[in-house]
Amino acid sequence: MFCKSINEKCRQISRRGFLRLTASVMVGITFCMLAGCSETRPQRTVAAGHSELTEVKQPITYKSFIWRSTPPADCPFERSTDIVGLRFMGKCNDVNIDGDPFADTWYFSWASDDKLYSSFTDGAVHRLDGGRDHSRSWKVPETTGQAIAEGDDPINLKIYSLGLSHASAKPYSGRYPCASLVFNGVWYYGTYCLSPLGFTYFGGQLYNWPWMGPFVGFRTSTDFGRTWKECPHTPEKPLFNETGMYGYPVKIGAPHFVDFGKNMQHSPDGYAYLVGHGAEHPDEKPRCFANLSWISGDQIYLIRVKPSIENINDASKYEFFGGYDKKGEPVWTKKFGSIKPLIDWNNNCGCVTITYNAPLKKYLMCVTDGWPTAGKMSSYILESDNVTGPWKLVVYMKDFGQQGYFLNFPSKFVSENGRKAWLCYSGNYWIDEVDPPGSHYGLVLQEVELLSKEMYTRHIDELR
């Protein structure tokens, strides 16, 4: 049974994570042996419904703690005085390789019907009919998946696949999900490209998708993901006419929509904003290889568009953040060539998301620097009163996960006072060390607390 399960999973997962299964299995075996980990994994139970048995999942639990912030010496951000730390509450969703979503790339969009819609890939998600959809974004024919999550309890979400879509990556080698938004009944689903291969050797070192390709554009659905109109752009002729061939840097490679809450209710001006990581040429201090990859980069960029089927794939309808004027006000330009970084921290940027925390009236930015792409990864959280900044540091989490990536705060799970939220990410596709407990390949949801000065002082004995 155990070997059979391994073989089945090895057929499901991607080159980006051939060793993800090994890591995930080792995580389950070694949780309670890890130093400092006192995780409790309760047995699952089932509750009788009117017509069927519904599984009730119990959370993974462990002792709460405050993550000690250890930013590098050249960190350009001043410390926040409004949100001074991040406390992990000791509660995480459980994972069952045969039952729960065993895939990554989860970016939830909270739609008007109160459901969450997300991409997924490089793994399998169950359908309502009992089957499973296996998405592989690295293998011809390249596929990306779409899924729904129903419910208000992050521990007991009902998650199921709506199916897969195919779109070619040529001349690149992989085509992955990124920006995903459901607004006024329309689902906008973006994809980007990667190269040269999921496993790439350079100088004797193994890298994972070391070259970021361009953002291709959006496919759209007007029936909540049941049917789709394919993207009019191709990897050779992408929306913003960038190329990532042979490692040439792009600026808008893997953008993500700013999460403005249910049906974008907190957008300040009706625009949909997208944030992504990139790099520039020439680069004064390039990293040896994989400088701009799926999880590493030098800058963060911001763009916006009024979301509609007519606008979403028309580059002329976009505006690009162009820096600040003499008064410190943000500048927006229609010229892609005039785009400026929202954040410029050479060799310390990577995959990025932003969520608006309405109760606190704060934007929360999650950034992961995962260079050199196949080892431990560090993430940091920033806050700002405005989507255009300035940004201040909440916490720098060295070796978060210890290989956590695709971090985001789903707005649906922000508490009424804004101080509690759930951190969504995937992790540990290559290594088997976990921190915090519960980090695993697939969908991870950790309950966290955004600490004020008073809260930080009250829990100071939990700092580690």
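Please list, ordered by residue number, the strands (runs of 3 or more DSSP E) wholly in segment 403-464 having 1 or more residues that are at pLDDT below 95. Show your work before the answer.
Working: elements: 404-408, 420-427, 444-451.
Per the criteria, 420-427.
Could you tell me whether segment 66-83 includes any residue that is in a strand (DSSP E or B), of a type in the set (Phe, Trp, Tyr) and under 16 Å from residue 439 (Cβ atoms)? Walk me through it before giving the result.
Of the residues in segment 66-83, the ones in a strand (DSSP E or B) are 66, 79.
Applying the additional criterion that residues be of a type in the set (Phe, Trp, Tyr) yields none.
No: zero hits.
Of the conditions (1) buried (at least 18 other Cβ atoms within 10 Å of the Cβ); (2) without any contact (Cβ under 8 Å) to a residue 12 or more places away in the chain, residue 272 fails just one. Which one is it?
Here residue 272 clears every test but (2).
Could you tell me whether segment 246-266 includes any residue that is buried (at least 23 other Cβ atoms within 10 Å of the Cβ) and more than 22 Å from residue 218 (Cβ to Cβ)?
Among the residues of segment 246-266, not one is buried (at least 23 other Cβ atoms within 10 Å of the Cβ) and more than 22 Å from residue 218 (Cβ to Cβ), which makes the answer no.
If only one of 412, 453, 362, 376 is closer than 24 Å to residue 320 by Cα and among the basic types (Lys, Arg), which one is it?
Values: 412 fails: closer than 24 Å to residue 320 by Cα; 453 fails: closer than 24 Å to residue 320 by Cα; 376 fails: closer than 24 Å to residue 320 by Cα.
Going through 412, 453, 362, 376 in turn, just one is closer than 24 Å to residue 320 by Cα and among the basic types (Lys, Arg): 362.
Tell me which residues, restricted to segment 235-245, are surrounded by 15 or more Cβ atoms within 10 Å (Cβ to Cβ) and in a loop (DSSP other than H, G, I, E, B). Talk me through it step by step, then tell me what you get.
Keep residues of segment 235-245 that are surrounded by 15 or more Cβ atoms within 10 Å (Cβ to Cβ), which gives 235, 238-240, 242-245.
Within segment 235-245, 235, 238, 239, 240, 242, 243, 244 qualify.
I'm trying to understand the selection: among the residues of segment 171-230, which are of a type in the set (Val, Ile, Thr), surrounded by fewer than 24 Cβ atoms within 10 Å (Cβ to Cβ) and assigned to a strand (DSSP E or B)?
Residues of segment 171-230 of a type in the set (Val, Ile, Thr): 182, 186, 191, 200, 216, 220, 222, 227.
After this cut, where a residue has to be surrounded by fewer than 24 Cβ atoms within 10 Å (Cβ to Cβ) as well, the list is 186, 200, 220, 222, 227.
186, 200, 220, listed by residue number.
With crowded, with 21+ Cβ neighbours inside 10 Å and out of contact with any Gly (no Cβ under 7 Å at 6 or more places or on another chain) as the only criterion, which of 136, 132, 127 stands out?
Details: 132 fails: crowded, with 21+ Cβ neighbours inside 10 Å; 127 fails: crowded, with 21+ Cβ neighbours inside 10 Å.
When all the criteria are applied, what remains is 136.
Matching residues to (1) in contact with a strand residue (DSSP E or B) (Cβ under 8 Å, 6 or more places away or on another chain); (2) surrounded by 20 or more Cβ atoms within 10 Å (Cβ to Cβ); (3) under 20 Å from residue 269 (Cβ atoms):
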site: 293; (1), (2), (3): yes, yes, no
site: 301; (1), (2), (3): yes, yes, yes
site: 327; (1), (2), (3): no, no, yes
site: 350; (1), (2), (3): yes, yes, no
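Right, residue 379: under 17 Å from residue 69 (Cβ atoms) and either of a type in the set (S, T, N, Q) or under 18 Å from the mean Cα position of the chain (by Cα) (or both) or not?
Working: under 17 Å from residue 69 (Cβ atoms): yes; either of a type in the set (S, T, N, Q) or under 18 Å from the mean Cα position of the chain (by Cα) (or both): yes.
The answer is yes for residue 379.
Every residue in segment 436-458 that is at negative phi, touching a strand residue (DSSP E or B) at 6+ places or on another chain (Cβ under 7 Å) and not aliphatic (A, V, I, L, M), please.
Across segment 436-458, the qualifying residues are 436, 437, 439, 440, 441, 446, 447, 449, 456.
Being of a type in the set (Gly, Ala, Ser) and farther than 26 Å from residue 243 by Cα is the filter here, so list the residues in segment 215-232 that pass it.
Hits for segment 215-232 are 221, 225.
Can you give me the number of residues within segment 94-124 that are crowded, with 17+ Cβ neighbours inside 10 Å, at pLDDT 95 or above and either assigned to a loop (DSSP other than H, G, I, E, B) or of a type in the set (D, E, K, R) (or both)?
8
Please go through segment 390-405 and give me each residue that is closer than 26 Å to residue 322 by Cα and either out of contact with any Pro (no Cβ under 8 Å at 6 or more places or on another chain) or acidic (Asp, Glu) (or both), ordered by number.
Restricting attention to segment 390-405, the residues satisfying the condition of being closer than 26 Å to residue 322 by Cα are 390-394.
Across segment 390-405, the qualifying residues are 390, 391, 392, 394.
Please give the number of the condition residue 66 fails out of (1) touching a residue at least 40 places away in the same chain (Cβ under 8 Å); (2) surrounded by fewer than 21 Cβ atoms within 10 Å (Cβ to Cβ); (3) aliphatic (A, V, I, L, M).
(2)
Being under 30 Å from residue 58 (Cα atoms) and polar (S, T, N, Q) narrows it down to one of 173, 180, so name that one. Let's see the steps before the verdict.
Details: 173 fails: under 30 Å from residue 58 (Cα atoms).
Of 173, 180, the one residue that is under 30 Å from residue 58 (Cα atoms) and polar (S, T, N, Q) is 180.
Would you tally the residues in segment 125-173 being closer than 26 Å to residue 186 by Cβ, of a type in the set (D, E, K, R) and in contact (Cβ under 8 Å) with a residue 40 or more places away in the chain?
1
Kindly indicate the residue of segment 139-161 that is assigned to a helix (DSSP H, G or I) and in contact with a Leu (Cβ under 9 Å, 6 or more places away or on another chain) and also surrounded by the most Cβ atoms within 10 Å (Cβ to Cβ) among those meeting that condition. Spell out the reasoning first.
Here is the first cut: in segment 139-161, the ones assigned to a helix (DSSP H, G or I) are 154-156.
If we keep only those that are in contact with a Leu (Cβ under 9 Å, 6 or more places away or on another chain) too, we end up with 154-155.
Details: 154: 21, 155: 17.
So the residue we want is 154.
Specify which of the listed residues (361, 453) is over 14 Å from the mean Cα position of the chain (by Cα), under 18 Å from residue 70 (Cα atoms) and surrounded by fewer than 19 Cβ atoms within 10 Å (Cβ to Cβ). First the steps, then the outcome.
Values: 361 fails: under 18 Å from residue 70 (Cα atoms).
Just a single option satisfies the conditions, and that option is 453.
The values are calculated or read from the model by the stated rules, or taken from the named source; none is laboratory data. The structure displayed is predicted, hence computed values, not measured ones. Virtual Cβ from ideal backbone geometry, glycine too; neighbours counted across all protein chains shown.
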